[in-house]
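Right, one structure below, let's go through it.
Derivation of every value follows stated rules applied to the coordinates shown; laboratory data play no part. This structure is a prediction, so every number in the text was calculated from the model and none was measured. Don't worry about glycine lacking a Cβ; one is built from the backbone with ideal geometry, like all the others, and counts go over all protein chains shown.
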Amino acid sequence: MTGVPETGGRRLDGNAAGGVLREVFAVDPTTAVSTCAHCGRPAPLGEHLVYADAPALVVRCPGCMQVVLRCASDAAGLRLEMTGVRLLRMTPAEGASG
Ligand SMILES: [Zn+2]
């Protein structure tokens with residue numbers, strides 16, 4: 001036993017997630033509903049509280065004021081930390097097929 005679950009032929013490498021993740025990052029994020037990992041309240045990201053003057057953009061839950069995500073973009077690249085998001089739910093854009 002190695003501690004790694006035996007998955008046989010079901011396991012793929014991370015490239016297999018690319019298509020779904022492209023869909024996640026292609027939607028309007030302000031309409032995505034984030035469920036707070038701290039208090040469990042779901043709310044559209046557009047209703048969260050944003051502090052843009054920190055080294056990273058900080059997004060706080062409108063219910064409990066805890067940090068739900070941080071995002072930074074600089075010469076080192078783009079970084080997104082979402083430990084305060086339990087679930088991020090997006091509905092398909094109107095007119096989208098599939
Ligand atoms: Zn909260």
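Being within 13 Å of the ligand (Cβ to nearest atom) and either farther than 19 Å from V27 by Cα or in contact with a helix residue (DSSP H, G or I) (Cβ under 8 Å, 6 or more places away or on another chain) (or both) is the filter here, so list the residues in segment 79-90 that pass it.
T83, G84
Sort out which residues of segment 19-67 are among the aliphatic types (A, V, I, L, M), under 14 Å from R89 (Cα atoms) and touching a strand residue (DSSP E or B) at 6+ places or on another chain (Cβ under 9 Å), and write them in order of number.
V24, A32, V33, A37, A43, L45
In segment 35-73, how many residues are within 22 Å of L21 (Cα to Cα) and of a type outside the set (A, V, I, L, M, F, W, C)?
6
Give the number of residues within segment 63-77 that are over 16 Å from L87 (Cβ atoms) and surrounded by 15 or more Cβ atoms within 10 Å (Cβ to Cβ).
Total meeting the criteria: 4.
Which fully enclosed strands (runs of 3 or more DSSP E) of segment 1-78 have 2 or more residues being among the aliphatic types (A, V, I, L, M) and within 16 Å of the ligand (Cβ to nearest atom)?
Numbers: elements: 33-36, 42-44, 49-51, 57-60, 67-74.
Output list reads 49-51, 57-60, 67-74.
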